[in-house]
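J.: Take a look at the following structure, please.
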Amino acid sequence: MWPADISPAVLEIDLGAIVANWRLLSARHPAGAVGGVVKADAYGLDAQKVAPALQQAGCRHFFTALLEEALTLRPLLPGAMLAVLDDPIVGTEHVYREQGIVPVLGSLDEIGRWQAEARRAGTSLEAILHIDTGMARLGLMEREVLTLAADPSLLEGISIRYVMTHLVSAEYPEDPLNESQRERFESLAARLPPAPRSLANSSGIFLGSHFASDLARPGAALYGINPTPGEPNPMHPVVRLSARVLAVRALEAGRSVGYNATWRALRPSRIATLGVGYADGWPRSLSNRGAAFFDGRRLALVGRVSMDLTTYDATGLAHLAPGAWLELIGPAQPLAAVAEAAGTNEYEVLTSLGRRYHRVWRGA
Ligand SMILES: *Cc1c(COP(=O)(O)O)cnc(C)c1O
């Protein structure tokens, strides 16, 4: 990694805030444990730094999406449960067993394969059973749960660490899907051998004590994403993105800016250029919609977002010169504001943040 002073943009990641968020979620979920979802490289913030920091704070259960992600983290998280949310790919069962990674099983076929692995190893093996209650992506369907209930031998050799499901609309508390999924989960899980339950994601933790379980699985809220959209964000902000002005130019009225000339100066203007573009995950949909902030002043993003550059209307900011730092994500422009202007959600903006930013970790 090169030093910050040659980088056009700096991404600051506050590990202390991530830990504080985990503690806050744990306090809101007193009936059960709170794990950490660190898939997609901890939502783009570096799982190899985030996961050990969470473990040090007391987090004992971790989830990735991919087996590869879990393999990278396994040596860094001694003693912790490490589970892979995506279904195991045929033929990878021995890797899970050898590396002590817990598979999340979502079909009778997967259960059969894991049972065969246990038989080969001459031992019983832990697994999480995933029941589909409405997402319809992964997870056991009702018919499969009933098959398991009717024939206990199908689960022989498998020690069920948790039975889980995933909420479809937890960020909308008034959505009746939440309650119907919860009821469906309870009634289907009751057909299986007794085992601890895992239900809530970040927003699920805020749905109330009905949605508490033995293990909550938050991701987003750990990283500062608002689990209660439309209400004040109860989480600590985690990221700050700043970029320095590379160039400033005066523009006569009538001149255009950027590809396809989608913005035209109506008056004599000053344009500030930043070295951040869509290749850095600064969404192209922010073209003529986004903003940057300087000293509390809003500079409108003008013209198209380019691959490596964006342009801002700095008219009236006579003292803004190359080298000045503009805020892209921070107190003046939180992640939620960027997501809204880009027409997407905070998850997508966060997980897209580029690898070219100079990254600085605080509270490490
Ligand atoms: C991503 C994911 C989570 C975490 O969801 P957040 O909304 O980020 O808290 C929990 N469970 C499953 C199955 C997931 O895929």
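J.: Listed highest first by mean packing, meaning other Cβ atoms within 10 Å per residue, what order do 142-149, 6-13 come in?
T.: 6-13, 142-149
J.: What are the extents of the Cα atoms of the chain along their three principal axes, listed from largest to smallest and rounded to whole Å?
T.: 79, 43, 38
J.: Just to be sure I understand: of the beta bridges DSSP finds with both ends in the chain, what percent are antiparallel, rounded to 5?
T.: Antiparallel bridges: around 50 percent, rounded to the nearest 5.
J.: What's log10 of I(q)/I(0) for the stretch 15-223 at q = 0.09, 0.10, 0.14 Å⁻¹, Debye sum over Cα points only, no solvent?
T.: Once normalised to I(0) and log-transformed, intensities are -0.32, -0.40, -0.81.
J.: Let me check I've understood the local charge: for V90, count other residues with C-beta under 11 angstrom from its C-beta, Lys and Arg +1, Asp and Glu -1. What total comes out?
T.: Combined, the nearby Lys, Arg, Asp and Glu give -3.
J.: Something else: Label R137 and R249 with points 7 Å out from Cα along Cα→Cβ: what is the distance between them in nm?
T.: 4.3
J.: Something else now. So for the chain, averaging the separation of alpha carbon pairs under 8 Å that are six or more residues apart and normalising by length, what relative contact order in percent results?
T.: 19
J.: Which percent of the Cα-Cα distances in the stretch 239-333 go past 24 Å? Mind showing how you got there, number by number?
T.: Values: 508 of 4465 pairs.
Percent of Cα pairs beyond 24 Å in the stretch 239-333: 11.
J.: Kirkwood Rh, the stretch 128-261, all Cα pairs: how many Å?
T.: 18.1
J.: Could you state the principal axis extents of the C-alpha atoms in the stretch 126-193, from the largest down, to the nearest angstrom?
T.: Cα spread of the stretch 126-193 along its principal axes, largest to smallest: 40, 21, 19 Å.
J.: What does the extension gain come out to for E179 and A121, with contour length at 0.36 nm per residue minus their alpha carbon separation?
T.: Taking E179 through A121 to full extension adds about 16.8 nm, to one decimal.
J.: Sum up the charges of everything whose Cβ sits under 11 Å from the Cβ of V34, counting Lys and Arg as +1 and Asp and Glu as -1, but leave V34 out.
T.: Once positives and negatives cancel, what remains is +3.
J.: If you don't mind, another one. With the full set of protein chains in place, find how many percent of the accessible area of the chain is carbon and sulfur; take the probe as 1.4 Å.
T.: Numbers: 8500 of 16090 Å².
Its accessible area is 53 percent carbon and sulfur atoms.
J.: Let me ask another. Provide the per residue accessible area, probe 1.4 Å, for the stretch 15-223, rounded to a whole number of square angstrom. Don't skip to the end; give the middle numbers.
T.: Details: 8440 Å² over 209 residues.
Ligands and nucleic acids excluded, the figure is 40 Å² per residue.
J.: Could you tell me the accessible area of S159 in Å² (1.4 Å probe, neighbours in place), rounded to the nearest ten?
T.: 40
J.: Count the net charge of all other residues whose Cβ sits under 13 Å from the Cβ of R74, scoring Lys and Arg as +1 and Asp and Glu as -1.
T.: On the way: positive: R97; negative: E68, E69, E98.
Its environment carries a net charge of -2.
J.: Using only the alpha carbons of the stretch 44-123, determine the length spanned along each of the three principal axes and report them from longest to shortest in whole angstroms.
T.: 36, 25, 17
J.: Rounding to the nearest 20 debye, state how big the charge dipole of the chain is about its Cα centre with +1 on each Lys and Arg Cβ and -1 on each Asp and Glu Cβ.
T.: 1240
The values are calculated or read from the model by the stated rules, or taken from the named source; none is laboratory data. This is a predicted model, so every value here is computed, not measured. Reconstructed Cβ throughout: ideal geometry from the backbone, glycine too, with neighbour counts over all protein chains shown. Heavy atoms of the whole protein, side chains included, go into the accessibility calculation; ligands, DNA and RNA do not. Shrake-Rupley method; radii C 1.70, N 1.55, O 1.52, S 1.80 Å.
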